[in-house]
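Just below is one structure, and these are the notes that go with it.
The values are calculated or read from the model by the stated rules, or taken from the named source; none is laboratory data. Since we're looking at a predicted model, the values are computed, not measured. Using ideal geometry, Cβ is built from the backbone for each residue, glycine included, and neighbour counts are taken over all protein chains shown. Accessible surface areas use protein heavy atoms only, side chains included; no ligands, DNA or RNA. Shrake-Rupley method; radii C 1.70, N 1.55, O 1.52, S 1.80 Å.
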Amino acid sequence: SKLAALFEHPLYNIPIPEVTEKDKLFIVNPMEKFSLRSSGSDEWVSSSKAETLLPTGKTAYDTYPTWLKFHVGINRYELYPRRDPLLPTLLRDLATQRIVSSVQKSGGTQLKLIMTFPNYGQALFKPMKQTRDQETPIDFFYFSDFERHNAEIAAFHLDRILDFRRIPPVSGRLVNITKEIWDITTDKKLAKTFFISPAGNVCFYGECSYYCSTEHALCGKPDQLEGSMAALLPDKTLAKRRSWRSPWRRSYHKSKKAEWELNPNYCAQVRETPPYDRGHRLLDLIDMTILDFLMGNMDRHHYETFEKFGNDTFLLHLDNGRGFGTHSRDEPSILAPLQQCCSIKKSTYLRLQLLATQPYRLSDVLREALAADPLAPVLAEPHLRALDRRLGKVLAAVGHCLAR
């Protein structure tokens with residue numbers, strides 16, 4: 001296994017700083033059993049007040065379902081550890097746990113559902129909009145592109161292979177539209193959008209700002225629909241997150257250009273602007289840029305951090321559905337932060353060099369990681385080959401900077 005060998009490599013075993021109590025997202029009393037109110041709210045209550053008790057294990061921690069262990073494990077330095085024993089179980093839960101509730105997630109340009117499991121875990125479901133081998137048409141603007149369920153799955157695994165570990169776990173899943181959405185939804189607006197197509201397939205389209213109409217309906221075969229299931233982060237009432245506008249955000253206009261596209265010295269002013277004027281925030285943003293370039297994702301207008309950790313923490317790489325749309329062309333402008341700032345973390349650079357070598361080739365390790373997903377093959381072969389080509393371009397950009 002190339003993947004196992006990669007994770008054994010010394011570059012993937014650099015220790016993180018010691019995690020103190022203040023570096024943990026949640027401080028949990030280890031003697032306290034936890035459960036959740038069966039009323040459907042997401043609040044945690046101690047077992048003395050709980051209406052439903054989870055099966056008791058040897059310790060209170062054993063009573064937590066996997067999603068809760070994932071939340072409790074988040075700290076200042078990482079969303080989940082490199083050798084996380086929970087990860088296979090959490091991915092299996094996302095793929096197989098019974099769905100007891102499906103409601104539409106508010107906001108956004110495209111349809112997404114929040115699905116709840118019997119153990120109160122929740123996942124964000126993004127349905128399949130196009131097939132694996134469909135490329136984004138060359139005349140499409142990045143902001144009018146579809147979100148792809150398989151891009152969300154592949155982005156999670158790529159982020160882990162790059163050792164960023166800043167995307168919540170994602171698994172593919174085949175969902176029965178009738179039994180797992182239509183029959184159990186309490187969302188009246190969503191319920192009104194179901195219909196049977198002329199071909200006898202079950203379809204729905206939901207309510208959203210752009211792609212929610214009968215012309216953009218999602219249809220099963222006859223009611224089986226592929227989608228990505230992403231583990232939800234802790235509720236914002238429990239762990240506030242701060243949203244940051246990316247300095248290299250695109251204009252989201254058909255003819256206007258953003259300032260960074262016009263000013264070659266743009267990075268100098270970013271470096272003087274908080275929070276990029278100190279710490280590793282700019283380097284973290286350049287990590288995210290490299291991830292986006294490898295996936296071909298031009299739609300990174302914001303990123304988030306956990307408020308508790310201030311500016312000294314990792315960036316959350318959320319919403320990656322517009323990656324992996326094209327394999328036949330690359331988008332060099334995504335690399336602007338790297339090219340303009342000529343900065344990169346040494347650890348990131350060394351890992352990228354490693355992933356360009358034959359024993360650990362990026363396309364091979366990602367192919368292996370994706371082979372375990374229920375919807376495998378997740379990416380068409382040309383997308384995997386494009387990763388090796390793009391990795392070469394990232395290393396070339398760093399080479400130009402070193403030469404300068």
For Kirkwood radius over Cα pairs in Å the list reads [x] 22.5; [y] 35.7; [z] 21.9; the calculated value is entry [x]
Taking R0 as 35 Å, what's the FRET efficiency between residue 8 and residue 343 from their Cβ-Cβ distance, rounded to 0.05? 0.75
With n ≥ 4 as the cut-off for DSSP H runs, can you work out [θ] at 222 nm for the chain, using -39500 (n - 2.57) per run divided by the number of residues, rounded to the nearest 500? -8000 deg cm²/dmol
If I model a spin label as a point 7 Å beyond the Cα along the Cα-Cβ vector, how far apart are those points for residue 62 and residue 133 in nm? 5.1
So if I place +1 on the C-beta of Lys and Arg and -1 on the C-beta of Asp and Glu, and nothing else carries charge, what would the dipole magnitude of the chain be about its Cα centre? I want it in debye, nearest 20. 440
Percent RCO, i.e. relative contact order, over the chain, from Cα pairs under 8 Å lying at least 6 residues apart: 17
Using the heavy atoms of the protein chains and a 1.4 angstrom probe, tell me the accessible area per residue for the chain in square angstrom. 46
Whole-percent carbon and sulfur share, accessible surface of region 86-215, 1.4 Å: 55
Which longest uninterrupted range of the chain lacks any chymotrypsin sites (Phe, Trp or Tyr not before Pro) assigned by DSSP to a loop state (not H, G, I, E or B) and surrounded by at most 13 other Cβ atoms within 10 Å? 253-404
If a/c stays under 1.5 just call it rounded; otherwise compare a/b with b/c (prolate if a/b is bigger, oblate if not). Do that for region 55-186, with a ≥ b ≥ c from the square roots of the Cα gyration tensor eigenvalues. oblate
In sequence order, what are the phi-derived ³J(HN,Hα) couplings for region 112-129 according to the Karplus relation 6.51 cos²θ - 1.76 cosθ + 1.60 with θ = phi - 60°, rounded to whole Hz, with x for glycine and proline? 9, 10, 9, 10, 10, 9, x, 8, 6, x, 9, 9, 9, 9, 10, x, 5, 10
If you build the Cα gyration tensor of region 241-403 and take the root of 5 times each eigenvalue, what three semi-axes come out, in whole angstrom, biggest first? 26, 18, 18
Give a quick list of GluC sites (Glu not before Pro) in region 255-327 that DSSP marks as loop, anything other than H, G, I, E or B, with at most 13 other Cβ atoms within 10 Å. 272
Straight-line reach check, residue 189, cutoff 22 Å on alpha carbons, 8 or more apart in-chain or any other chain, hits among lysines -> 105, 112, 126, 129, 179
Let me have the relative contact order for region 241-403, percent, based on Cα pairs under 8 Å that are six or more residues apart. 24
Where labels lie 7 Å past Cα in the beta-carbon direction, separation of residue 26 and residue 89 in nm: 1.5
For region 241-403, which whole-number percentage of the solvent-accessible area (1.4 Å probe, protein heavy atoms only) is attributable to carbon and sulfur atoms? 52
